[in-house]
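Read the structure below first, then the notes.
The values are calculated or read from the model by the stated rules, or taken from the named source; none is laboratory data. Note that this is a predicted model, so its numbers are computed, not measured. Cβ: placed from backbone, ideal geometry, glycine included. Neighbour counts: every protein chain shown.
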Amino acid sequence: MNRSIQVEGSFGEIKQDMGFRRFLSKDKRNVLSESILLAMARNINKLHNKIQSGRTGTHIFALKKNA
């Protein structure tokens with residue numbers, strides 16, 4: 001079965017750009033908390049980059065206008 005490319009990019013970005021290599025704890029709840037913190041950090045970083053480049057008012061696709 002082929003894997004989705006979209007998910008792999010996120011993990012690669014976290015590993016390469018953020019320097020994440022392994023979880024610091026072994027408990028399932030702590031690993032979940034750590035992964036949520038990583039996801040929040042990645043989203044904040046993306047928002048920061050978007051604000052710095054002046055793209056906060058733009059959308060990827062044009063919005064549809066209701067008739």
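Computed quantities for the displayed model
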{"read-out": "Some residue of segment 29-45 being at pLDDT below 90 and in contact with a helix residue (DSSP H, G or I) (Cβ under 8 Å, 6 or more places away or on another chain)", "value": "no"}
{"read-out": "Matching residues in segment 1-22 - criterion: being exposed (fewer than 10 other Cβ atoms within 10 Å of the Cβ) and either over 15 Å from the mean Cα position of the chain (by Cα) or at pLDDT 80 or above (or both)", "value": "Met1, Asn2, Arg3, Ser4, Gln16, Gly19, Arg21, Arg22"}
{"read-out": "Conditions (1) exposed (fewer than 10 other Cβ atoms within 10 Å of the Cβ); (2) part of a loop (DSSP other than H, G, I, E, B); (3) on the phi < 0 side of the Ramachandran plot; (4) modelled with pLDDT of 85 or more; number of the one not met by Ser25", "value": "(1)"}
{"read-out": "Candidate set from segment 28-38 (those that are in contact with a Phe, Trp or Tyr (Cβ under 7 Å, 6 or more places away or on another chain) and free of Cβ contacts under 8 Å to residues at least 12 places away in the same chain); member that is surrounded by the most Cβ atoms within 10 Å (Cβ to Cβ)", "value": "Glu34"}
